[in-house]
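Contents: one structure, followed by commentary.
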Amino acid sequence: MKRYLIAFAAVMISGLASAQDPVSAQKGVTYGAGTSVEGDLLSADILPSRLQKDKYAGKVTGKVVEVCQEKGCWMKLQKSDGEPLMVKFKDYKFFMPKDIVGKDVVLEGQAVVKEVPVKQLKHYAKDAGKSQEEIDKIKESKREIQFVAAGVLVL
């Protein structure tokens, strides 16, 4: 009987541990509150022109070019101007899998323009797996659009 209880406890503990990790980024998988392809979808490129008073609420679509390699707590979408769109997740309630790079996604949430301090930029670079040399080159804060996603859908 003890053996069964120990085995059951081990299965439950491993199940709880894996519940914290996001599932693989497969087509149709949603994260957070989820979203859909219905409605007004802006590309990450068009988003800057749609900001009103440095804010936007709605849906954005794009290709993931980078994701936090520590926990998946942020990602970046490709833009044609070379400056990726930073995406964070509402209330830090969900994360992205590390294999989401290269996937197209739909985000639903809010965009805001922020001044990102050097310390935070260095933190992002470290999370992305950048070399210490690349991190040390960061010397100035940066004004950028950040999207806070309540939900993400992998296309």
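General remarks:
- Pairwise centroid distance, computed over Cα atoms, of the range 31-85 with the range 101-139, Å: 13 Å
- Stretching the chain fully between E83 and K119 yields a gain of 11.1 nm (0.36 nm per residue, less the alpha carbon separation).
- The residues packed around V60, meaning those with a beta-carbon under 11 Å from its beta-carbon, carry a net charge of 0 if Lys and Arg are +1 and Asp and Glu are -1.
- Working note: Cα atoms of the range 2-154, range along each principal axis, descending, whole Å: 63, 43, 25.
- The range 2-154, relative contact order [Cα under 8 Å, separation at least 6], %: 30 percent
- Degrees, to the nearest 10: 2-19 long Cα axis against longest axis of the chain: 10 degrees
- Computed magnitude of the charge dipole of the chain (debye, nearest 20; Cβ of K, R +1, Cβ of D, E -1): 420 debye
- Over 31 Å (Cα to Cα) - which of K90/K119; K27/K119; K79/K137; K27/K142; K59/K137; K53/K130 fall in this group: K27/K119; K27/K142; K59/K137; K53/K130
Coordinate-derived values only; no laboratory data. Here the structure is a predicted model, which is why all the values come from computation and not from measurement. So basically every Cβ, Gly included, is an ideal-geometry build from the backbone, and we count neighbours across all protein chains shown.
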